[in-house]
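> Got a structure for you, questions after.
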Amino acid sequence: MTSNIERAIDAIEEYIAGCKFMTLSSTKIVVNKEEIDELIRELKQATPEEIKRYQKMISNRDAILNDARQKAEALINEATVQTNQLVNEHEIMTQAYAKANEVVSTATRQAQDILDSATIEANNVKTAAMQYTDDLLANLENIITHSAQLAVNNYNQLVADLNSCNSIVKSNRLELHPAEDDDFESLGLESQDFGDDNGPNLI
């Protein structure tokens, strides 16, 4: 059965796979901010619900153990009743004690077997639920890291393109005023930089 988190992650992966590559790039893509924000919002809404679901599975461990204890106590009580009945039969007192001990031993073994099986089953449920939740969160972490790095790369490319255009504009303006190099600053041709090459520290 597919979880809400898995469906949300699949939707994000499908959306990213369908995005077009940027011009002259085979690794960078163009994304629609509103669409990717909506997909991420759906993923955030699904995550608490799924975690609650697996927390409920883990809590079932106590219910399994309680059920096992009740069955064990019922077996011991039944054995005790049988023991009392046998002891009350004075004609077969010796046989009664032997039979009573056998019944109690059998019931004790069965009760222990039930508790052991229930403990193993409960631990398996807990381990599986925790592993599944951790796998989902690891996948989510990878997607967020990739998205953040993609945003940094796109910003850095934009700054580089703007600075390149600015250099061309500056050069063209200088060509228009070849005899006025000394008045460079008065013409407003001082260098403008749209940002350092490293871009913003988004992550």
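> Once amide H atoms are placed 1.01 Å from N in the peptide plane, what residues at a sequence separation of 5 or more from Met22, or on another chain, have their amide H within under 5 Å of its amide H?
Under 5 Å from the amide H of Met22: Lys28, Ile29, Val30.
> Give me Leu137, Leu86 ranked fewest to most by other Cβ atoms within 10 Å of their Cβ, as a rough exposure proxy.
Ascending number of Cβ neighbours within 10 Å: Leu137, Leu86.
> Would you list the P(r) distribution for segment 4-183, with all Cα-Cα distances sorted into 10 Å bins from 0 and each bin expressed as a whole %?
Result, from short to long distances: 8, 18, 15, 13, 11, 10, 8, 6, 5, 3, 2, 1, 1, 0 percent.
> Find how many whole Å separate the alpha carbon centroid of segment 66-81 from the alpha carbon centroid of segment 153-168.
77 Å
> If you place +1 on the Cβ of every Lys and Arg and -1 on the Cβ of every Asp and Glu, how big does the dipole about the Cα centre of segment 1-136 come out, in debye to the nearest 20?
Value, rounded to 20: 280 debye.
> How far, in nm, would the chain grow between Asp10 and Val104 when pulled straight, counting 0.36 nm per residue and subtracting the alpha carbon separation?
Extra length available between Asp10 and Val104 comes to 28.2 nm.
> Can you divide the C-alpha Rg of segment 68-118 by 2.2 N^0.38 Å and report the result to two decimal places?
Relative to the rule-of-thumb radius for its length, segment 68-118 sits at 1.25.
> If you don't mind, there's one more thing I want to ask. For Lys126, give me every one of the lysines with a C-alpha distance below 19 angstrom, ignoring sequence neighbours fewer than eight places off in its own chain.
Filter leaves Lys52, Lys56.
> Here's another thing I want to ask about it. Near Lys28, which lysines are there with a Cα under 16 Å away, not counting those fewer than 8 places off in the same chain?
Result set, ordered by chain and number: Lys20.
> Here's a follow-up. Going by average Cβ neighbours within 10 Å, how do the peptides 115-126, 18-29 rank, with the highest at the top?
Ranking the peptides 115-126, 18-29 by packing returns 115-126, 18-29.
Values in this text are rule-based calculations from the coordinates and carry no lab data. Everything quoted here is computed from the prediction, not taken from an experiment. Quick reminder, even Gly has a Cβ in these numbers, built from the backbone with ideal geometry, and neighbours come from all protein chains shown.
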